[in-house]
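Enquirer: I have a structure here, written as structure tokens, and I will follow up with some questions on it.
The values are calculated or read from the model by the stated rules, or taken from the named source; none is laboratory data. Note that this is a predicted model, so its numbers are computed, not measured. Cβ placement follows ideal geometry from the backbone for every residue including glycine, while neighbour counts extend to all protein chains displayed. Just the protein is used for accessible areas: all its heavy atoms, side chains included, with ligands, DNA and RNA removed. Shrake-Rupley method; radii C 1.70, N 1.55, O 1.52, S 1.80 Å.
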Amino acid sequence: MRRSPAWTSRSECPPRTWAREPGAAPTILISGRYWRTRLGADPSIVGSTLTVNGSPFTIVGVTPPDFRFAVEADLFAPMVRGGDMAGARQWHNWLVVGRLAEGVSVDEAAAEVGVIMGRLAEEYPESNQDKGMLISGMQEAMVEGFRSTILMLMGAIVLVLLIACGNVASLLLARGSTRGTELAMRSALGAPRGRLVQQLLTESVPLGLAAGALGTVIALLLQRSLVAATPLTRLGLEAVGLQPEVLAFALLLSLGTVLVFGLAPALMGSRVDLAEELKSGARSVAGGRARFRSVLVVGQVALSVVLLVGAALLVQSFTRLRSVDPGFRTESLLTAEIGLPRSEYDLEARTRFFQELLDRTRALPGVEQAGLISQLPMRDPGNNVPAWNPENPPADVSDQWAPYQRIVMPGYFEAMDIPILAGRDVAETDADGAVPVALINETTARTLYPDQNPLGRQLEVDQGDDTGLFEVIGVVGDVQIFSLAAEPQLVMYFSHRQRQSSVMRLAVHTAGVPTAIVGQLREVLRGLDPDIPFAGAQTMEDVLSSSTSFQRTVAGAVGIFALVALLLAALGLYGVLAYQVTQRTHEIGIRVALGARAEHILRMVMGHGFVLVGVGLAIGVVGALGGARAIRGRLYEVGASDPVTFLSVVLFFSLVALVACLLPSWRAWRVDPVVAFRAE
């Protein structure tokens, strides 16, 4: 990894002194993207004040515009030493970034950290038992989860390249076959075989350079779209440009492709016999050359089937993923974030503010229901804390379940259309001083209260220094927390009047287009407090679409490669059959003159084509079985050897092959013997 400062900013802001002490002026670091798009790229921004959630922060630095980190964020604020989260030992989800000392490897650092974690477990068994820290290189951590996808896309590109190379070799071989007499004459006049090979390759090199140059121009014109069509944007590579090294590699690859795949045709084209060539004339079709072209077609078909099966499995997986019921309403639902500064809103003031926000939102025309929650499903995974049934406490810390916790206000479940299966919703009477209450989802009920009715029972929750007891007042349906492909997670919901949050997410169900009320909601919020931002307005349908964008991008990219491969294979098949029909025109004319019927001619040409396709399909299916197992981890509710998918691909390719064979067969069927003999 390239050595560079952990933070690159426009001010002298050493990372070691950035964490501030309690009572110190709050500071903030902003991303270059936010500085450029939201703050007008003001060069004097450092030292000015930025209001965030109603609280002023002094800007101390700006990151480079292309800076990306492990999380997507525009604002970075230091943790307050001695703050609530800084001193809570139950939090074990921090991302730690450091630089290794000179000469220290990642494995050595991991061993040292392992010793430290062991000492912490001995000193703090209640919070640190069975807790560890995974040490890895920054580059490895950044591409974690993307490596296999990138390798898969690279594999698809290589397969398409090989299919294209098959077409190049077939064309060069056909070109050499038509020049058999010329090459034989050159050989008879004393030209050595090496000179003939050199001539054929020299003629092919400009083709490779021209193809590489044309491909480079197209890549330059479409580079933004090419990057957007890959999952690389998830790594912050939206503005990747084609570097000179990449362009040079592309040109060398195109040239090398022509040289390598043109070498065999050149060798075969130079292997001529003057007597045989002059005796057979234009009617000759060298058996070795024909077999080589047939082998190329078989290979193209096989590689295309591998790509088509992979693309079909990924598309089918994505389709099934999008059909998963998330457990809540997605249509006509608008979401947004409202954060209150702790310094200006105490616990009672927050409750009044959010309740007034709900009342005014519900009074807007077109609004059918509205609710507030601390974290929305599929948008804010949030945090999870240990919780258990006090009647059946865990025997060991490692046996603890850690449900996700949510803070809600009355009406949220109705707005999200999440069913309350048993019990009741939180109410205004569930306030500070009353019996602490909680709702749990189905999975939590089955996990913590097996074969029991959880209503009225106690739920014990780890609250850091101590634990709290909550009465279970309701059971709600399961919702997908962070992924449609994940198993239902344990979730518990608490009343906002008893466990308050300064940041809440608004969920508004409307009768019409959700985004149409964004302006009205901004006015409502401005009427309550003009300094509170209305952030992250987004429909729930967009949230779900964003959650599956990675799978959609991968499936789409592989699908495009597969279609290109299919087209190239079909063109290769057509080219081979068309060339053979041209070379066998005299033979076909004789057959027709001797009484061969049209169906016999069609059967001869199409039969040869389907033999090639059949062999290629058989090899491709075997290869696709191995390729599908390699992408098994990216499939959702689709087997790697799904027979329906394989059969569909075989039938689809057979239909395309039929079309590719029809045109040459039609030409063969319409051969006129008189014209064929006259041409001869």
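Enquirer: Once you place label points 7 Å from the Cα toward the Cβ at L134 and A427, how far apart are they in nm?
Expert: 4.5 nm
Enquirer: Find out how many positive minus negative residues lie around D359, taking Lys and Arg as positive, Asp and Glu as negative, among other residues whose Cβ is under 14 Å from that of D359.
Expert: Once all neighbours under 14 Å are counted, the net charge is +1.
Enquirer: Sticking with this one: Once amide H atoms are placed 1.01 Å from N in the peptide plane, what residues at a sequence separation of 5 or more from W401, or on another chain, have their amide H within under 5 Å of its amide H?
Expert: HN-HN under 5 Å from W401: A387.
Enquirer: With +1 assigned to the C-beta of every Lys and Arg and -1 to the C-beta of every Asp and Glu, and no other charges, what is the dipole magnitude of region 366-425 about the Cα centre in debye, to the nearest 20?
Expert: The calculation lands at about 140 debye.
Enquirer: May I pose another question? Pull up the DSSP beta bridges for region 372-513 and report the antiparallel fraction as a percent, rounded to 5.
Expert: 65 percent
Enquirer: Additional query: Placing +1 on the Cβ of each Lys and Arg and -1 on the Cβ of each Asp and Glu in region 388-526, which of L439, Y493, G519 has its Cα farthest towards the positive end of the resulting dipole?
Expert: Sorting the options by dipole projection puts first G519.
Enquirer: Something else about it: If you stretched the chain out fully between R522 and R362, how much longer would it get, using 0.36 nm times the residue separation minus the C-alpha to C-alpha distance?
Expert: 56.2 nm
Enquirer: Please compute the length gained on full extension between H600 and A395, using 0.36 nm multiplied by the number of residues separating them and subtracting their Cα-Cα distance.
Expert: 65.7 nm
Enquirer: How long is the gain from T58 to D74 if the chain were fully straight, where each residue apart is worth 0.36 nm and the alpha carbon distance is subtracted?
Expert: Result for the pair: 4.3 nm of gain on full extension.
Enquirer: Given a 1.4 Å probe and every protein chain left where it sits, what share in percent of the accessible area of region 283-430 is carbon and sulfur?
Expert: 50 percent
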